[in-house]
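Only one structure is covered here, and it is reproduced in the block below.
The values are calculated or read from the model by the stated rules, or taken from the named source; none is laboratory data. Fair warning: this is a prediction, and the values are worked out from it, not measured in the lab. No Cβ is skipped: glycine too gets one built from the backbone with ideal geometry, and neighbour counts run over all protein chains shown. The protein model used for the area step is the full one, side chains on, heavy atoms only, and it has no ligands, DNA or RNA in it. Shrake-Rupley method; radii C 1.70, N 1.55, O 1.52, S 1.80 Å.
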Amino acid sequence: MFQNETITCDVRALVMRAFENDTTALALNTATLGHNLPGRGAGWDSKRVIDACAERGFGAITFWTQELSENAYEIGNYTKSAGLEISGLCRTPYLTGTQAGSDSEVRKTIDIAAELDADVLTIVTGGTNPGSKGIVESQKVLADRLSKFSEYAKENGVSLALEPLNPMFGGNRTVLMTTQDAVHVCNMVDAENLGLAIDVYHVWWDATLEQTLKSTEVPILGYHICDWLEDTSDMLLDRGMMGDGVADLREIRRIVEEAGYVGYCEVEIFSSEHWWQEDPAHVLDVIVQRYKSLC
Ligand code: ZN
């Protein structure tokens, strides 16, 4: 038994998954089509997005709560009947900072994830708590709240993925600036359904990523892809399409796969002035082409 496990690990380390002719691990985060902000994007409804992804061989879709007011169950079923999985739901309200959500608001998003039948509910933590400085105190508050919510999520069959953000998003959006920060909080909570979401946009610069992932048992529950543009014009809304920037996409995938990740590669591109202005059908075609050749 032990010997078999060792062999499996070795094979995984040597051979990355081949994407050239296989899009079954490709997932769309619907934010890429501009849907997650009112008035942005081309206005395709969820079913049209699902059909367009199915036609192109995507394996899964990640939705946002604001697209699923009262119809999460219906959209989940429609996704599955189209032959796709629901790779995730974005996201809980913030758990820390001035804009932190209430317990009932957080539980509501867990309920939506369960209705949708999403594998993973993503968490962007929120910023530094009022009355404190730095991130250490807020990380403790975060861990306390996660202990409670991970229990509730487990009862509902939902996993929670903590997403560290680029350090520039500290202050009002996150208290997890590195993957190591996220691992630290996961270890404080120690819940089996709590893990990491690794987003190329947030980790591409981090030379310690590989060491961090090698030295932890905390699972990777999501892997988000896009690119970091050399001359980005907006931290939040000017993400690049894979291949248009300076992130080493193959190298980052090697690192997450060697850490044991074999889940979806979820395309998540916030791009208000470029990709959100394009025809969504064209955006999806470009994604498939870039995914096969560059990711
Ligand atoms: Zn992400």
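So the values come out like this:
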{"quantity": "Some residue of the range 28-45 being away from the ligand (no atom under 16 Å from the Cβ) and modelled with pLDDT of 90 or more", "calculated": "no"}
{"quantity": "Among the residues listed as Leu176, Leu249, Leu221, Leu165, the single one being in contact with a strand residue (DSSP E or B) (Cβ under 8 Å, 6 or more places away or on another chain), open to solvent by 20 Å² or more (accessible area, probe 1.4 Å) and not basic (Lys, Arg)", "calculated": "Leu221"}
{"quantity": "Residue that is farthest from Ser132 (Cα to Cα), among those in the range 179-202 that are within 15 Å of the ligand (Cβ to nearest atom) and in contact with a strand residue (DSSP E or B) (Cβ under 6 Å, 6 or more places away or on another chain)", "calculated": "Val200"}
{"quantity": "Any hit, the range 222-236, residues being in a strand (DSSP E or B) and of a type in the set (Val, Ile, Thr)", "calculated": "yes"}
{"quantity": "Matching residues in the range 95-110 - criterion: being in contact (Cβ under 8 Å) with a residue 60 or more places away in the chain and buried (at least 17 other Cβ atoms within 10 Å of the Cβ)", "calculated": "Thr96, Gly97"}
{"quantity": "Residue check for Asp119: under 19 Å from Ala27 (Cα atoms), charged (D, E, K, R) and either more than 15 Å from the ligand (Cβ to nearest atom) or within 16 Å of the chain's Cα centre (by Cα) (or both)", "calculated": "yes"}
{"quantity": "Meets criteria (within 16 Å of the ligand (Cβ to nearest atom), open to solvent by 60 Å² or more (accessible area, probe 1.4 Å) and either out of contact with any strand residue (DSSP E or B) (no Cβ under 6 Å at 6 or more places or on another chain) or modelled with pLDDT of 95 or more (or both)) for Trp205", "calculated": "yes"}
{"quantity": "Matching option when the condition is within 13 Å of the ligand (Cβ to nearest atom) and aliphatic (A, V, I, L, M), among Val283, Val288, Val267, Val218", "calculated": "Val267"}
